[in-house]
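Notes follow once the structure below has been shown.
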Protein chains: 2
Amino acid sequence: MKLYDCQMAPNPRRVRIFIAEKGLPLPKVEVSILDGDNLKPEFLRINPRGLLPVLELDDGTVLDETVAICRYLEETHPEPNLMGATPLERATIESWQRHMEFDGLQAVSEVVRNSIPVFSSRGLAGTTQVPAIPALVERGTASMARFFTRIEQRLHETEFVAGNRFTIADITALCVIDTAQNFVKMPIPASNTSTQRWYAAVSSRPSAKA
Amino acid sequence: MKLYDCQMAPNPRRVRIFIAEKGLPLPKVEVSILDGDNLKPEFLRINPRGLLPVLELDDGTVLDETVAICRYLEETHPEPNLMGATPLERATIESWQRHMEFDGLQAVSEVVRNSIPVFSSRGLAGTTQVPAIPALVERGTASMARFFTRIEQRLHETEFVAGNRFTIADITALCVIDTAQNFVKMPIPASNTSTQRWYAAVSSRPSAKA
């Protein structure tokens, strides 16, 4: 297997953390989104959508979607479990994972894609040429404020995002928060002490360096 | 089990079609999004996000997310299989399912939420009061044109969206296309003959009436 990766982007990092938690050695090929290498013909031959990450299996089969890649790795390398051990636990973790995507990752992506100059004609990820929409910076910023409120309420009640143990939902949330802090200077509010407690815990796991 | 449902909305319909394919009898409670019943206290007690569908299990456990609900039903009622029978098939179907969401459902939702007057202060689903952004109608319309091109290319090569059989990816795609046609008058382009062939087949399944 081989992972087409991009160090600075949240979706490839989600897979890198997932792989690190599983303890899998996996060769990586760096493709720079900032330099637009994901939009060049040699990468578009691998993924015509121009999106990262991509997992290429040994027989050449390509998986081109973050959570689908994680699910494949979860099922082929079940330990440690990151996506649930029973039907109800799997559904609960999937709900939280998707809430972190829709509440958080989409919100911060709206801010990043519509405010950072390198993306001024790349308002949507991939090959599409879409102009930035300034009103989405305001909408995304407000959505991120709601995300911070919701995750604080959740983490006041539970140790991790999906319950009492680390799962793929924490990986998505961590990548949302680091993107918000590092790219558009939206840190966790200082008064959100449950989120700060959780962030300190998940950030200190060895996988967070991935 | 009990499904909190909304006849006119695409996400509840995805679950209704899924349930119909499984042949499950499942009591449904209608909650009108157009009338804002999803934002009233009695529904917010069930799902504080104000989103539909919601599956309530017999013990009161609530699953509040479309695909998580489908996965729970898939694993507890495995036949007919709609989400894959092997790790690679499950990952492939999940990739296509998510492409239908990100390429299609998000695009048509951008157009619907930002152009239909009833949603003028509900630009995002759920309890959030967000003003419509007119530029998103243009962006969403262009994204839908790309969606139609991509699904035509795919269905020129394969009988169904994720391969040679009907899966959850077809359910998502069908709900995208019916929403586009019925809400914002964006039918499948007449020249997209592979998509027309697929649409005729999936629309004539008894589950499509769900």
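Within region A:20-44, no residue that is under 12 Å from A:Ala9 (Cβ atoms) sits with its Cβ atom under 7 Å from a residue that is surrounded by 15 or more Cβ atoms within 10 Å (Cβ to Cβ) and of a type in the set (Lys, Arg) at 6+ positions apart or across chains. Each residue in region B:29-45 was checked for being touching a Phe, Trp or Tyr at 6+ places or on another chain (Cβ under 8 Å) and either buried (at least 17 other Cβ atoms within 10 Å of the Cβ) or of a type outside the set (A, V, I, L, M, F, W, C) (or both), and 3 of them qualify.
Looking across region B:147-163, just one residue is farther than 22 Å from B:Arg16 by Cα, β-branched (Val, Ile, Thr) and crowded, with 22+ Cβ neighbours inside 10 Å, and that is B:Ile151. When region A:137-149 is filtered for residues that are among the small types (Gly, Ala, Ser) and under 18 Å from A:Pro117 (Cβ atoms), only A:Gly140 remains. The residues listed here are B:Thr141, B:Thr128; of these, the one that is at pLDDT 95 or above, of a type in the set (Val, Ile, Thr) and assigned by TED's automatic domain parsing to the domain that holds B:Ser194 is B:Thr141.
Against the definition (of a type in the set (A, V, I, L, M), within 23 Å of A:Met8 (Cα to Cα) and surrounded by 14 or more Cβ atoms within 10 Å (Cβ to Cβ)), how does A:Ala200 come out, yes or no? It is false that A:Ala200 is of a type in the set (A, V, I, L, M), within 23 Å of A:Met8 (Cα to Cα) and surrounded by 14 or more Cβ atoms within 10 Å (Cβ to Cβ). Among the residues of region A:165-198, those that are free of Cβ contacts under 8 Å to residues at least 60 places away in the same chain and assigned to a loop (DSSP other than H, G, I, E, B) comprise A:Arg165, A:Lys185, A:Pro187, A:Ile188, A:Pro189, A:Ala190, A:Ser191, A:Asn192.
Can you say whether A:Thr66 is of a type in the set (S, T, N, Q) and assigned by TED's automatic domain parsing to the domain that holds A:Asp37, as far as the supplied structure shows? So A:Thr66 passes the test.
With respect to the conditions (1) surrounded by 17 or more Cβ atoms within 10 Å (Cβ to Cβ); (2) touching a residue at least 12 places away in the same chain (Cβ under 8 Å); (3) within 30 Å of B:Arg113 (Cα to Cα), A:Pro134 lacks only one, and its number is (1).
Please go through region A:69-88 and pick out each residue that is in contact with a Phe, Trp or Tyr (Cβ under 8 Å, 6 or more places away or on another chain) and in a loop (DSSP other than H, G, I, E, B). Within region A:69-88, just A:Leu82 meets the criteria. Evaluation of B:Lys22 against the conditions (1) farther than 15 Å from B:Ile171 by Cβ; (2) out of contact with any Phe, Trp or Tyr (no Cβ under 8 Å at 6 or more places or on another chain) shows that the sole unmet condition is (1).
Each residue in region B:45-68 was checked for being touching a residue at least 60 places away in the same chain (Cβ under 8 Å) and part of a helix (DSSP H, G or I), and 1 pass. One residue stands out in region B:46-60 among those that are closer than 22 Å to A:Glu101 by Cα and facing chain A (nearest Cβ under 10 Å): the one that is surrounded by the fewest Cβ atoms within 10 Å (Cβ to Cβ), namely B:Pro48. From the list B:Pro87, B:Pro10, the lone residue that is within 16 Å of the chain's Cα centre (by Cα) and surrounded by 14 or more Cβ atoms within 10 Å (Cβ to Cβ) is B:Pro10. Quick check: anything in region B:164-179 within 27 Å of B:Glu74 (Cα to Cα), exposed (fewer than 14 other Cβ atoms within 10 Å of the Cβ) and not aromatic (Phe, Trp, Tyr)? Within region B:164-179 (the criterion being within 27 Å of B:Glu74 (Cα to Cα), exposed (fewer than 14 other Cβ atoms within 10 Å of the Cβ) and not aromatic (Phe, Trp, Tyr)), the answer is yes, since at least one residue qualifies.
When restricted to residues that are part of a helix (DSSP H, G or I) and either within 9 Å of chain B (Cβ to nearest Cβ) or closer than 18 Å to A:Leu39 by Cα (or both), region A:126-137 contains 2.
Every residue in region A:74-97 that is within 9 Å of another protein chain (Cβ to nearest Cβ), out of contact with any Ser or Thr (no Cβ under 8 Å at 6 or more places or on another chain) and over 18 Å from B:Pro78 (Cβ atoms), please. Answer for region A:74-97, where residues must be within 9 Å of another protein chain (Cβ to nearest Cβ), out of contact with any Ser or Thr (no Cβ under 8 Å at 6 or more places or on another chain) and over 18 Å from B:Pro78 (Cβ atoms): A:Glu74, A:Thr76, A:Thr92, A:Ser95.
To keep it simple, each residue is scored yes or no on (1) in contact with a His (Cβ under 8 Å, 6 or more places away or on another chain); (2) free of Cβ contacts under 8 Å to residues at least 40 places away in the same chain; (3) within 14 Å of chain A (Cβ to nearest Cβ).
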site: B:Leu105; (1), (2), (3): no, no, yes
site: B:Ile116; (1), (2), (3): no, no, no
site: B:Leu124; (1), (2), (3): no, yes, yes
site: B:Arg146; (1), (2), (3): no, no, yes
site: B:Gly163; (1), (2), (3): no, no, yes
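Could you please find all residues in region A:130-146 being hydroxyl-bearing (Ser, Thr, Tyr) and in contact with an Asp or Glu (Cβ under 8 Å, 6 or more places away or on another chain)? Listed by number, the list holds a single entry, A:Ser143.
The values are calculated or read from the model by the stated rules, or taken from the named source; none is laboratory data. Since we're looking at a predicted model, the values are computed, not measured. Every residue, glycine as well, gets a Cβ built from its backbone with ideal geometry; the counts of neighbours run over all protein chains shown.
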